[in-house]
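Q: Submitted below is the structure of interest, expressed as structure tokens.
The values are calculated or read from the model by the stated rules, or taken from the named source; none is laboratory data. No experiment lies behind these values; they were computed from the predicted model shown. Every residue, glycine as well, gets a Cβ built from its backbone with ideal geometry; the counts of neighbours run over all protein chains shown.
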Ligand SMILES: NC(=O)c1ccc[n+]([C@@H]2O[C@H](COP(=O)([O-])OP(=O)(O)OC[C@H]3O[C@@H](n4cnc5c(N)ncnc54)[C@H](OP(=O)(O)O)[C@@H]3O)[C@@H](O)[C@H]2O)c1
């Protein structure tokens with residue numbers, strides 16, 4: 001079978017490798033579709049974890065079909081499954097032990113024709129979703145779900161700000177809207193903001209033409225929740241946008257990793273800053289159930305490529321021209 005490897009940082013190669021063999025409690029899954037994450041780009045470049053053991057098959061998100069199984073498993077061959085991003089995080093809060101269970105680094109990932117995963121880490125893919133749609137849930141979908149629902153209990157009347165129009169942010173627009181929240185979103189592109197309005201966003205700001213977008217959001221409404229995806233370059237504006245007592249879901253580093261924090265503003269205004277590291281298998285189950293109950297909320301896929309397009313598509317991903325998710329079907 002064929003698989004993509006990071007042999008050394010900055011180099012992605014495709015080669016023929018022996019098919020993996022499922023051990024006890026494991027499933028052999030034929031990958032049908034994968035979705036790409038900004039994380040994959042960072043992983044290949046060596047920016048995610050420079051001490052990562054190589055070679056590594058990258059990739060965190062897929063949907064596939066069970067074609068083999070080890071002793072002690074009960075999943076029927078032919079079942080369409082989605083592996084959870086973190087095979088060691090089943091439910092509840094994240095623990096140190098679970099930090100090493102993440103697919104696509106340090107655990108061997110999904111950019112391969114066949115993969116082996118623990119049976120207890122997969123869920124059955126929602127029937128109404130295509131392979132490509134189902135492949136978008138484990139990382140971007142679950143991250144937005146964890147930030148909005150598990151951690152911040154977003155519901156009717158809540159106001160939510162999310163940043164940009166990439167994978168996590170578009171899920172946040174859709175999920176928060178479906179949960180009854182009022183959603184604001186920023187983007188560098190007026191055309192993309194128009195697309196976000198069509199998905200339910202009620203307030204939009206172009207962060208290029210309005211550098212003090214935090215103030216512009218605050219003039220609309222000091223928001224209850226910010227889905228923080230920019231990091232160093234956006235956090236001060238997010239603090240300006242949020243209400244006293246609000247909740248910042250600290251998720252992304254699209255605009256830098258290191259910053260000085262205005263601590264007095266955070267403590268005096270009682271802002272809760274909650275780190276998010278994707279989510280548990282329970283979050284994936286909850287998201288899949290929610291989407292099944294809200295079948296009109298479909299993952300937004302910018303475009304679909306093929307197995308051989310991985311290198312070029314990851315390169316394009318870092319340019320940020322897409323809206324929502326980029327998917328490859330195998
Ligand atoms: N902690 C976690 O659990 C977790 C999980 C998933 C992702 N992440 C992180 O979250 C971030 C987003 O991931 P993703 O996969 O959704 O990325 P993505 O799909 O690659 O998002 C790209 C988009 O981000 C927007 N963007 C870039 N710089 C921005 C800025 N300064 N302000 C606002 N928007 C900006 C752009 O939107 P416009 O073109 O509209 O301007 C760009 O198109 C990444 O840093 C990723 O590593 C973290």
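Q: Hey, any hits in region 64-87 for a residue that's without any contact (Cβ under 8 Å) to a residue 40 or more places away in the chain, within 14 Å of the ligand (Cβ to nearest atom) and assigned to a loop (DSSP other than H, G, I, E, B)?
A: Scanning region 64-87 turns up no residue that is without any contact (Cβ under 8 Å) to a residue 40 or more places away in the chain, within 14 Å of the ligand (Cβ to nearest atom) and assigned to a loop (DSSP other than H, G, I, E, B).
Q: Continuing with this model, one more query. Among 191, 201, which is crowded, with 20+ Cβ neighbours inside 10 Å, modelled with pLDDT of 95 or more and either out of contact with any helix residue (DSSP H, G or I) (no Cβ under 7 Å at 6 or more places or on another chain) or closer than 25 Å to residue 316 by Cβ (or both)?
A: 201
Q: What number of residues within region 231-245 satisfy the criterion of being surrounded by fewer than 22 Cβ atoms within 10 Å (Cβ to Cβ) and within 18 Å of residue 144 (Cα to Cα)?
A: Looking only at that region, the number is 1.
Q: Need a quick list: strands (runs of 3 or more DSSP E) entirely within region 1-53 having at least 1 residues that are under 17 Å from residue 117 (Cβ atoms).
A: Strands (runs of 3 or more DSSP E) meeting the threshold: 2-8, 26-35.
Q: For residue 98, indicate whether it is in contact (Cβ under 8 Å) with a residue 12 or more places away in the chain and buried (at least 20 other Cβ atoms within 10 Å of the Cβ).
A: no
Q: Next question, about the same structure. Mind listing just one residue for me: the one in region 261-280 that is modelled with pLDDT under 95 and not in a helix (DSSP H, G or I) and, of those, surrounded by the most Cβ atoms within 10 Å (Cβ to Cβ)?
A: Here the answer is 262.
Q: Here is a follow-up. Looking only at region 233-255, how many residues end up being part of a helix (DSSP H, G or I) and within 13 Å of the ligand (Cβ to nearest atom)?
A: So the count comes out to 6.
Q: Further question: For region 149-166, indicate whether the set of residues that are within 30 Å of residue 58 (Cβ to Cβ), part of a helix (DSSP H, G or I), touching a strand residue (DSSP E or B) at 6+ places or on another chain (Cβ under 9 Å) and not assigned by TED's automatic domain parsing to the domain that holds residue 298 is non-empty.
A: Checking region 149-166: not a single residue is within 30 Å of residue 58 (Cβ to Cβ), part of a helix (DSSP H, G or I), touching a strand residue (DSSP E or B) at 6+ places or on another chain (Cβ under 9 Å) and not assigned by TED's automatic domain parsing to the domain that holds residue 298.
Q: Which one is farthest from the ligand (Cβ to nearest atom) among residues in region 167-188 that are surrounded by fewer than 24 Cβ atoms within 10 Å (Cβ to Cβ) and under 25 Å from residue 284 (Cα atoms)?
A: Applying the filter and picking the extreme gives 180.
Q: Specify which of the listed residues (287, 328) is in contact with a strand residue (DSSP E or B) (Cβ under 6 Å, 6 or more places away or on another chain) and within 16 Å of the ligand (Cβ to nearest atom).
A: From the options 287, 328, the qualifying one is 328.
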